[in-house]
Amino acid sequence: APIDAVAAGLEAVGAPLQERRAIGRQRAAIIAANPELRARELIKLAAWSAALADTLQRRGLSAAAARLTAEVAIVVFRLAFDRWIEDTNDRDFPQLVREALDQLKAVTVGA
């Protein structure tokens with residue numbers, strides 16, 4: 001399924017983050033404290049979603065399916081990232097991507 005391919009991509013992108021968890025926490029705190037940076041972050045995520053949707057559409061998905069898959073991928077990324085930077089978390093980013101995707105499947109398919 002396209003979302004599984006996207007999840008694999010998110011896991012691969014997130015793997016190098018492992019060594020930068022403290023920086024990720026600091027970055028998230030700075031962004032959260034600054035409205036302009038929050039807006040910029042949302043713009044960046046929207047651009048990622050648009051680029052991903054374009055790629056998925058070029059690979060054969062309909063425009064609607066590509067957009068939905070891309071938006072869901074961004075939500076999965078954000079949820080995994082937010083969990084990854086929690087002080088109490090010791091799981092790696094790819095594992096958190098898989099968990100977020102599993103939760104998505106559970107609420108959409110009733111698994």
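No lab work stands behind these numbers, since they all come straight from the coordinates. Here the structure is a predicted model, which is why all the values come from computation and not from measurement. Using ideal geometry, Cβ is built from the backbone for each residue, glycine included, and neighbour counts are taken over all protein chains shown.
Structure notes:
- Relative contact order (percent, whole number), the stretch 2-109, Cα cutoff 8 Å, 6+ residue spacing: 37 percent
- Shape of the stretch 1-66, Cα gyration tensor, a/c cut at 1.5: oblate
- Derived scalar couplings between HN and Hα for the stretch 66-75 equal 5, 5, 4, 4, 5, 5, 5, 4, 5, 4 Hz in order, rounded to whole Hz, by the Karplus curve 6.51 cos²θ - 1.76 cosθ + 1.60 (θ = phi - 60°), x for Gly and Pro.
- With 0.36 nm allotted per residue and the present C-alpha distance subtracted, the Leu37-Arg91 stretch has 16.7 nm of extension available.
- Entry for percent of Cα pairs over 21 Å apart (calculated from the structure that is shown) out of [x] 40; [y] 56; [z] 77: [x]
- Subtracting the Cα-Cα distance of Gln18 and Lys105 from their residue separation scaled by 0.36 nm leaves 28.8 nm.
- Counted charge near Trp48, where neighbours are those whose Cβ lies closer than 14 Å (Asp, Glu -1; Lys, Arg +1): +1
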